[in-house]
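The values are calculated or read from the model by the stated rules, or taken from the named source; none is laboratory data. Everything numeric in this text was worked out from a predicted model, so none of it was measured. Neighbour counts run over all protein chains shown; Cβ positions are idealised from the backbone, glycine included. Each accessible area value is taken on the protein alone, full model and side chains, heavy atoms only, with ligands, DNA and RNA left out. Shrake-Rupley method; radii C 1.70, N 1.55, O 1.52, S 1.80 Å.
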Amino acid sequence: MVIRFWVAERFGNFYVVDSMTWRVADGTQAYRGKKEAVTIAREYRDEYGAYCKSPF
């Protein structure tokens with residue numbers, strides 16, 4: 001079991017990453033502030049679940 005949604009930084013932008021696909025979570029975008037990305041990740045966690053089985 002791994003944390004499903006987490007925040008990654010790349011080139012000054014923050015992204016919500018989904019551990020099920022190892023890509024940017026559907027419906028999200030690049031965020032300039034970490035606080036905003038964390039808020040979105042928490043909303044996704046509450047809606048879709050906090051943990052998942054990693055496909056790898």
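Distance from the Cα centre of region 32-56 to that of region 5-31, in angstrom?
A separation of 9 Å, based on Cα centres.
Just need the relative contact order of region 1-44 here, percent rounded to a whole number, with Cα pairs under 8 Å and 6+ apart.
Result for region 1-44 is 37 percent.
Tell me the carbon and sulfur percent of the accessible area for the chain, rounded to whole percent, probe radius 1.4 Å.
52
How big is the Rg/Rh ratio for the chain, C-alpha atoms only, Rh by Kirkwood, two decimals?
That ratio is 0.95, to two decimals.
Using the heavy atoms of the protein chains and a 1.4 angstrom probe, tell me the accessible area per residue for the chain in square angstrom.
Per-residue value: 76 Å².
Quick one: Karplus J couplings for region 39-47, per residue in order, coefficients 6.51, -1.76, 1.60, θ = phi - 60°, nearest Hz, x for Gly and Pro?
4, 5, 4, 5, 5, 5, 4, 5, 7
Tabulate in residue order the Karplus-calculated ³J(HN,Hα) for region 29-35, using 6.51 cos²θ - 1.76 cosθ + 1.60 with θ = phi - 60°, rounded to whole Hz; enter x for Gly and Pro.
Here the 3J(HN,Hα) series is 9, 7, 10, 6, x, 5, 4 Hz.
Divide by every residue of the chain the summed helix terms, -39500 (n - 2.57) for each DSSP H run of at least 4, and state the resulting mean residue ellipticity at 222 nm, rounded to the nearest 500 deg cm²/dmol.
-9000 deg cm²/dmol
About its Cα centre, what dipole magnitude does the chain give when the only charges are +1 on Lys and Arg Cβ and -1 on Asp and Glu Cβ, stated in debye to the nearest 20?
180
Once Lys and Arg get +1 and Asp and Glu get -1 on their Cβ, which of ALA8, THR28, TYR51 lies farthest toward the positive end of the dipole of the chain?
Of the candidates, ALA8 comes out farthest on the positive side.
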